[in-house]
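Visitor: If you scroll down you'll find the structure; I have some questions about it.
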Amino acid sequence: MPLLKVAAGTINTTPLAWEENKQHIISSIEEAKHQQVNLLCLPELCITGYGCEDAFFSPNTLAQAIESLHEIVPHTAGISVSVGLPMQFNSKIYNTACLIVNKRILGFVAKQYLPNNGLFYEDRWFHRWPANARDEVKVKDFSYPFGDLVFDVSGIRIGFEICEDAWVAQRPGRSHFDRGVDIILNPSASPFAFHKFQTRERLVIDGSRSYSCSYVYTNLLGNEAGRLIFDGDAMIASNGTLLASSPRFGYHDYHLTLAIIDTDLTRLAHSQIKSALPTGNWKVVDTFEWHEASPAYQVAELEPFEREGYLKEEEFARAVALALFDYLRKSRSQGFTVSLSGGADSCACVALCGLMIRLADESIGLDAFKQKLGYIQKIQQETTEEGIAKHLIHSIYQGTENSSTDTLESAQSLAESIGSTFYNININGLVESYKGLIEQQIGRNLTWEQDDLPLQNIQARVRAPGVWLLTNLYGHLLLATSNRSEAAVGYCTMDGDTAGSISPIAGIDKHWLRHWLVWLETVGCHVKGKNIKIEGLKKVNNLQPTAELRPQDKMQTDEKDLMPYEVLDAIEKVAIRDKKSPIDCFRFMEVRFADTYSRDLLFTSVQRFFRLWSRNQWKRERYAPGFHLDDLNLDPRSWCRFPILSGGFEKELEELNAYYEGKNQKNRKGKIGF
């Protein structure tokens, strides 16, 4: 029976949500049985959730996982299913995949390679299983094979690569090839990053070609635990051809990606390549009545949004919108509130909330959307996206004497365009009250000439209590509006514009964010032959970014306070991601911006960046949680660690100054004929 129907099942899990996770797993199994699937692969650690952190050490977590497993087993009649869970063996904890065939547990495969960099900390909780080792584990009254296993089920050989296993040079697939494996299952928990799905696709296709097999890859879906986003990327390849690929960023509880695989074809390819005979006790043998499928012509295609030239823009919109939705419902909050200044950052946050409703409508429909938010009674009678937005998205403009009509109109037009409830208050009296109280105590008037920064900061801080009050009144989440560029140099007011429960744009730079807002206004997300645009962004896209904290006659702009955003972001990438010294960083900037900015501006910008970076780590430590989007992330709790107190690059900046002055002097000598 060479033709088999297999499936990769993506699941939206929540750490330690035992009943919810179990029900999603069971529902996906029942759907697979309805679709006459023979073999279903579900994601890594889908029983517990991937992001349990130190709760993996808890005996209760391990016991609950086993209990859920035994409650899932009876639902596997007539089908083979792999599920992921942590297992304790010899007093150590392992990340495992369990293969269940027709209501029988056949064994547990333990993960061999554990990621321990960047986002990942698996070495903290789990142990690495050695290749070619096999043992037995006792679960309740029965013992099961455990370790590096291949399952021979009525002549169909099934092996595993668990997520990271496929990303290393000596991947287990190499030994699976020697063992004559027909199907490799890869249950993964691979977080989203820009364009990462293309790398996964190459791993899957190359794995199926190199090891002459069919390769079934699946992943988690949604915002599982707070910071990480999973895009639900799943695919099936055979002999180097991608047969099926899942839609990404869906709002479903689960999704199945199906394909018909031909084991005769993969064995034909295998027979033409020389390989060594396998050694050791690696095979688990059992029987199962595989149901032969009908032939099918299959060629996977990219989704329309993945092939239209705006991939990063689309991925940012879809990933963050989905992350906001899951954060909302899993925290059982009533909606989002934003202090909407009319600038790019706060407008981006409100626009993403609006996209959340519109993209969810396209994915699952408004009725299912409301059902998933069934605890929010106010939206249940609404029948339009704008009606729902009125309750889920609140925005408040808090102006002072330094605020302009332009930013008020920008904020109001955006709020109205998506249906958000909009409030407008003036806080100038509050600012003056605080200012007056302090002036009485210190015995002098505060002036812009002497007290510029404190006078700016008090305006930002006075906004926080009001927006928190509004947020609490409606049981909402307050969104912080700081971007990654501001985080890098501390261009923010702690307990002011950084106040919030979550920071949705903390992972993206300001220069690109402004470009994205123009794209969202003029092009938008491609869905089902149309584009979702937010034309209410037109006014903000015509404004120069400014904090509006100084008097208007001072013509304050962000780039005048700091440096050009494109320079700031280029320095950050080279200095922080690539770990270059100030001199090396300056040399890179000289090449990058040779025809754009003066050497003097680049020098002062590099100096300023390193000084601001080192003195503002304490601010980054206090930021609200943000979403991981790429390897430029600055979150010290999940990606980029730096000491709060440091030498501040003083020696390195002295060396940079000497290098700059030395080259300047050399240039001057050359010009006057020395």
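Visitor: Straight-line reach only, C-alpha to C-alpha below 13 angstrom: list the aspartates and glutamates that LYS372 could link to, leaving out same-chain residues fewer than 8 apart.
Guide: Once the sequence-local aspartates and glutamates are set aside, what remains near LYS372 is GLU20, ASP253, ASP326, ASP361.
Visitor: Shifting gears a bit: Could you work out what % of the accessible surface of the chain is carbon and sulfur, using a 1.4 angstrom probe and leaving DNA, RNA and ligands out of the count?
Guide: Details: 13650 of 27640 Å².
Carbon and sulfur together cover 49 percent of it.
Visitor: Of all DSSP beta bridges located in the range 3-302, what percent are antiparallel, nearest 5? Spell out each step's value before the answer.
Guide: Working: 45 of 66 bridges.
Close to 70 percent.
Visitor: Run down the aspartates and glutamates and flag those whose C-alpha is under 20 Å from the C-alpha of LYS435, throwing out any fewer than 8 positions away in its chain.
Guide: GLU401, GLU449, ASP451, ASP452, ASP495, ASP497, GLU548
Visitor: Tally Lys and Arg at +1 and Asp and Glu at -1 over the other residues with C-beta under 10 Å from the C-beta of VAL73: what net charge comes out?
Guide: Result for the local shell: +1.
Visitor: Count charges around GLY155 for me, please; just the other residues with Cβ under 14 Å from its Cβ, Lys/Arg as +1, Asp/Glu as -1. Can you show the working numbers first?
Guide: Values: positive: ARG157, ARG179, ARG267, LYS283; negative: ASP152, ASP182, ASP264, ASP286, GLU289, GLU292.
Taking every Cβ under 14 Å from that of GLY155, the sum is -2.
Visitor: Which shape class applies to the range 561-668: rounded if a/c is under 1.5, otherwise prolate when a/b exceeds b/c and oblate if not, where a ≥ b ≥ c are the square roots of the Cα gyration tensor eigenvalues?
Guide: Values: a/c = 2.46, a/b = 1.72, b/c = 1.43.
Prolate.
Visitor: Return the subset of LYS312/LYS573; LYS390/LYS560; LYS33/LYS330; LYS573/LYS651; LYS530/LYS573; LYS312/LYS619 for which the Cα-Cα distance in this structure is over 25 Å, preserving the input order.
Guide: Details: LYS312/LYS573 17 Å; LYS390/LYS560 37 Å; LYS33/LYS330 29 Å; LYS573/LYS651 21 Å; LYS530/LYS573 35 Å; LYS312/LYS619 28 Å.
Flagged as over cut-off: LYS390/LYS560; LYS33/LYS330; LYS530/LYS573; LYS312/LYS619.
Visitor: Taking a ≥ b ≥ c as the square roots of the Cα gyration tensor eigenvalues, with a/c under 1.5 meaning rounded and otherwise prolate when a/b beats b/c, else oblate, which class fits the range 119-275?
Guide: oblate
Visitor: Determine the sum of side-chain charges near PHE369: Lys and Arg each +1, Asp and Glu each -1, restricted to other residues whose C-beta is under 11 angstrom from that of PHE369. Mind showing how you got there, number by number?
Guide: Values: positive: ARG329, ARG358, LYS370, LYS372; negative: ASP361, GLU362, ASP367, GLU382, GLU385.
So the environment of PHE369 carries a net charge of -1.
Visitor: Just the projected area, averaged over all directions, of the convex hull on the alpha carbon atoms of the range 237-305: how many nm²?
Guide: Details: hull surface 33.1 nm².
Convex hull of Cα atoms, orientation-averaged projection: 8.3 nm².
Visitor: How large is the helix-only mean residue ellipticity at 222 nm for the chain, computed as the sum of -39500 (n - 2.57) over DSSP H runs with n ≥ 4, divided by its residue count, in deg cm²/dmol to the nearest 500? Don't jump to the answer; show the numbers that get you there.
Guide: Values: 22 runs with 264 residues, N = 674.
That calculation yields -12000 deg cm²/dmol at 222 nm.
Visitor: Now for a separate question. How much of the DSSP beta bridge set in the chain is antiparallel, as a percent to the nearest 5?
Guide: Numbers: 48 of 83 bridges.
That works out to approximately 60 percent antiparallel.
Visitor: Next question, about the same structure. If you average the alpha carbon positions of the range 122-137 and of the range 8-61, how far apart do those two centres end up, in angstrom?
Guide: 21
Visitor: How many angstrom separate the Cα center of the range 602-658 from the Cα center of the range 215-263?
Guide: Between the Cα centre of the range 602-658 and that of the range 215-263, the gap is 37 Å.
Visitor: Follow-up question, since we're still on this one. Classify the range 3-302 as rounded, prolate or oblate, taking a ≥ b ≥ c as the square roots of the eigenvalues of its Cα gyration tensor: rounded when a/c is under 1.5, otherwise prolate if a/b is larger than b/c and oblate if not. Can you show the working numbers first?
Guide: Details: a/c = 1.30, a/b = 1.17, b/c = 1.11.
It is rounded, given that a/c, with a ≥ b ≥ c, falls under 1.5.
Visitor: Between THR421 and residues 5 or more places away or on another chain, which pairs have amide H atoms under 5 Å apart, with H built 1.01 Å from N, and which residues are they?
Guide: For THR421, the qualifying residues are ILE393, SER395.
Visitor: Can you grab the distance from the C-alpha centre of the range 271-321 to the C-alpha centre of the range 149-198, Å, no decimals?
Guide: If we compute the Cα centre of each part, the gap is 10 Å.
Visitor: Further question on the same structure: Scan (i) 40; (ii) 31; (iii) 26 for the value of percent of Cα pairs over 47 Å apart calculated from this model and give just the label.
Guide: Label (iii) holds the value from this structure.
The values are calculated or read from the model by the stated rules, or taken from the named source; none is laboratory data. What you are looking at is a predicted structure, and each value in this text was computed from that prediction instead of being measured. Neighbour counts are summed over all protein chains in view; Cβ atoms, including those assigned to glycine, are modelled from backbone coordinates with ideal geometry. Remember, those area values only see protein heavy atoms, side chains included, never the ligands or the DNA or RNA. Shrake-Rupley method; radii C 1.70, N 1.55, O 1.52, S 1.80 Å.
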